[in-house]
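See structure below.
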Amino acid sequence: MTWVRREDLEDRELHLLAPFAAQSRHAGGRRLAESEDPLRTRFQRDRDRIIHSSAFRRLQHKTQVFAAHEGDHYRSRMTHSLEVAQMARGAAIALRLNPDLAEAVALAHDLGHPPFGHVGEECLDELMQGEGGFRHNAQGCRIVDYLEDRYGHRHGLNLTLLVRRSLLKGRIPENFPISDDLLPRQDPPLEANLVDKCDKIAYLCHDLDDALRAGLVQEKQAAELGLWQAACQRCGDDSRQRILSEMVALLFQDLVSASDAALAEAATRGRPRIGSSDRMQVQSSELLAFLKEHFYRSERVLSDMRAGREKIEGLFCRFLEHPAEIPPKARSRAERDGLRRVVCDYMAGMTDRFLLRQEA
Ligand code: MG
């Protein structure tokens, strides 16, 4: 009996994965040179570092839509990240892309979110105007590259270049402090695009589930959605949970089949487009508009968010005036990063409940 070594896993990748897939052998190196792990590929090692980080553990007390302390059955950013990772891994296997890379990126994709979701993000961005701003994706890179300093070498989790590049999506505010080697930006691997699509499927379906559970949306309203009707028809059942899980299956299978067609076509036409079919995109947009109207902008959610915003603004000013209240480890970065950025990093790392516990 011989065990499976890293080299064997790398050979498997070579045989099993599609030509467009990322090979862990070509993960792009780490900023600080390290010897290889005997058993895990580079992406598997990165995934494990992400899971063991304190930024990942804090996701359990961070808001998805509802404040994370509200009820035991609503999603937090951690349960959301796990759902995305499970889907991304499954979709990557089906498409013969690299499942370990997809999983690592999915688990890390929300690490940079501040407390109180998008309201927290907006608020910190305003408070950092003229000083590099704030954006959760760029913050995620800052966490894995620098802030998560468990080894004391100031290179954060020291992940591979390909994983770090995959985390950098969306707008980066001008002068936001991220590592030089991530710029200029390059096309991320297809696994990163896949995670992005799975993220959307996960939040659309679970937010609808949470909104129904909270009574902010009634089933008969949801039943007017095209996607709900298609799911209901396909499962031949009218129980809410069956329909919701059928919706996930419909979106997921459509993503895989449409992306598979794009991958096949791209063999002759350059970079493939990972994504859903046009029909499913229309149905997803309808669901998103529905959630915006009935859930994201509902008074119950908005009033929570207003309270979070006030708290963030008040506390930000207090830490600027009394830096001695910031924990020493974070404060020690002030010389390099400036006090304002230190306050921003510290507050972005807070969970909702930790923030609420602070005295204004
Ligand atoms: Mg997400």
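Below is a table of values for the structure above.
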read-out	value
Space enclosed by the convex hull of the alpha-carbon atoms of the chain, per residue, Å³	158
Charge sum, other residues only, whose C-beta stays under 15 Å from Leu95's C-beta, Lys/Arg counted +1 and Asp/Glu -1	-3
Under-5 Å amide H pairs with Phe134, H placed in peptide plane, nonlocal only	Asp125
Karplus (6.51, -1.76, 1.60) ³J(HN,Hα), θ = phi - 60°, over the range 252-258, in Hz, Gly and Pro reported as x	5, 5, 5, 4, 5, 6, 5
Using distinct alpha-carbon pairs, which all enter the 1/r mean, Kirkwood radius of the range 1-155 in Å	17.2
In Å², nearest 10: area of Ile172 left accessible to a 1.4 Å probe	40
Probe 1.4 Å, all protein chains present, accessible-area order of Glu359, Glu299, Glu83, Glu13, largest first	Glu359, Glu299, Glu83, Glu13
Share of pairwise Cα separations in the range 20-101, more than 15 Å, in percent	67
Cα convex hull of the range 288-354, projected area averaged across orientations, nm²	5.7
The range 237-313 - accessible surface per residue (Å², probe 1.4 Å)	54
Heavy atoms of Thr351: accessible area, 1.4 Å probe, square angstrom to 10	10
Computed P(r) (all Cα pairs; the range 148-293; 10 Å bins; percent)	10, 31, 26, 21, 11, 1
Under the Karplus curve 6.51 cos²θ - 1.76 cosθ + 1.60, θ = phi - 60°, whole-Hz ³J(HN,Hα) for the range 336-341, x wherever Gly or Pro sits	7, 9, x, 4, 4, 5
For the range 213-312, radius of gyration divided by Kirkwood radius, i.e. Rg to Rh on alpha-carbons	1.12
Under 16 Å from Lys200, Cα to Cα: lysines that are on another chain or at least 8 residues apart	Lys169, Lys292
Within a Gaussian network of the chain (alpha carbon springs, distance under 10 Å), most fluctuating of Ala104, Ala202, Ala307	Ala307
Principal axes of the range 280-320: Cα extent on each, largest first, Å	47, 20, 6
Size of electric dipole in the chain: Cβ of Lys, Arg +1 and of Asp, Glu -1, about Cα centre, debye, nearest 20	600
Per residue value of the accessible surface for the range 147-234 (all protein chains in place, 1.4 Å probe), Å²	44
Residue-span extension gain [Asn175 to Arg271] - 0.36 nm each, minus C-alpha spacing	31.6 nm
The range 141-194: C-alpha gyration tensor shape, a/c 1.5 cut-off, then a/b vs b/c	oblate
Largest to smallest accessible area among Leu16, Leu32, Leu107 [probe 1.4 Å]	Leu16, Leu32, Leu107
Cα gyration tensor, the range 1-52 - rounded (a/c under 1.5), prolate or oblate	oblate
Formal net charge of residues neighbouring Ala55 (Cβ-Cβ distance under 12 Å; K, R +1; D, E -1)	+2
Fraction of accessible area attributable to carbon and sulfur, the chain (%, probe 1.4 Å)	50
Gyration tensor (Cα) of the range 182-248, equivalent ellipsoid semi-axes in angstrom	32, 14, 9
Sequence of Trp3, Trp228 when ordered by accessible area, the most exposed leading, probe 1.4 angstrom	Trp3, Trp228
Residue-level accessible surface for His322, protein heavy atoms, 1.4 Å, Å²	90
Solvent-free Debye scattering, log10 I(q)/I(0), computed from the Cα coordinates of the range 54-142 at q = 0.15, 0.17, 0.22 Å⁻¹	-0.62, -0.75, -1.02
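The values are calculated or read from the model by the stated rules, or taken from the named source; none is laboratory data. Because the structure is a prediction, the values reported are computed rather than measured. All Cβ positions, glycine included, derive from the backbone under ideal geometry; neighbour counts span all protein chains shown. The accessibility values were calculated without ligands, DNA or RNA, using every heavy atom of the protein model including side chains. Shrake-Rupley method; radii C 1.70, N 1.55, O 1.52, S 1.80 Å.
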